[in-house]
Every structure is written in C-alpha cells, then in structure tokens.
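Worksheet: the structure to be examined is printed underneath.
Please treat every number below as a calculation from the coordinates, not as lab data. Quick caveat: nothing in here was measured; it's all calculated off a predicted structure. Quick reminder, even Gly has a Cβ in these numbers, built from the backbone with ideal geometry, and neighbours come from all protein chains shown.
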Amino acid sequence: MTSRVTFILTLVAVLAVSLFVLPSSNASSFGKSAKDVTFSKNVAPIFNKACAECHRPGEAAPFSTLTYKDVRPWAKSIREKVVNRTMPPWHADAHVGAFANDRKLSQAEIDTIVAWVENGAVEGNPKDMPPAPQFAKGWNIGKPDLVIQ
C-alpha cells in the first residue's frame, strides 16, 4: 500500500512541477508569449525560407506568401496544412538520408505559425518584414547535363 501511495504522490508532484516549470504550449519558438508572434517579425521569415519558392506570383501555388495581405485570408488553411505536414510538400523518404533542398518545417516553426494563427494572425510592424527572397528566372535547378531540342 505504501508503494502505491508513494507512486501517486510522486506522480502528483511531477504533474505540479510540469505545470509551473515547463514552457506553455502557447509559447513560440522565440521564447516569447504567443501573443507576441507576428507575421512581419516571426512568420514571414519561415514562409520566405520554406514556402515562397512555390507560393509567389507566377508559380503553381494558389496564393503568394510574400505579403501579409496575400497570406491573411489563408491563415487557418495554412495552420491546418503545416500541422498535418501537408505543406510544404516533401515526398522523399527520411530513412534514405538527408537532402540539401529539404523544405520540411521544424516543430518550432510549426508552433510559431500555429501561435500566430490562433492569436488572430496579427501583421505586426511592417518595418520588421525581412527582405523578399530573390529567385532565379527560368530554369533554377542547376545546369542540366544534356538538353534535347
């Protein structure tokens, strides 16, 4: 009986400590409150790195991630797609190895996007926006070994 009581008391203590010591699930990867996460400062850099290659004018994706105005109407859909890891798409098998062009989001990046959406998808200060990424025009995956006309 005492071992059972000891176990229960230990479990209660661990749960109590975890409530006060472990970070909240509402905290972003930047160590700030989720309310401090904005598009301009925290989300745009993630989109520029992992999404803008396809999500920009003239490419296949249905909307651009380069501006807040373009992204805001899609916020809830973006949250859904990054949480279930549909976006950004990555079909290579992770068991095969690491790839230089892997666009998968880290859990911290996903948490930041989720916090942004769940707290109203705030734009933030436009002065915090990173510069838009630059992309090569035309063929952009390296010089081919052979081109057949």
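Near Ala132, no amide H atom lies under 5 Å from its own; only residues 5 or more places off or on other chains count, and H is placed 1.01 Å from N. Couplings for region 120-133, taken from phi via the Karplus curve 6.51 cos²θ - 1.76 cosθ + 1.60 with θ = phi - 60°, read x, 6, 6, 6, x, 7, x, 5, 7, 5, x, x, 5, x Hz in order; Gly and Pro are left as x. Annotation note: trypsin sites (Lys or Arg not before Pro) in region 78-127 located in DSSP loop regions with a Cβ neighbour count of at most 12 within 10 Å are Arg85.
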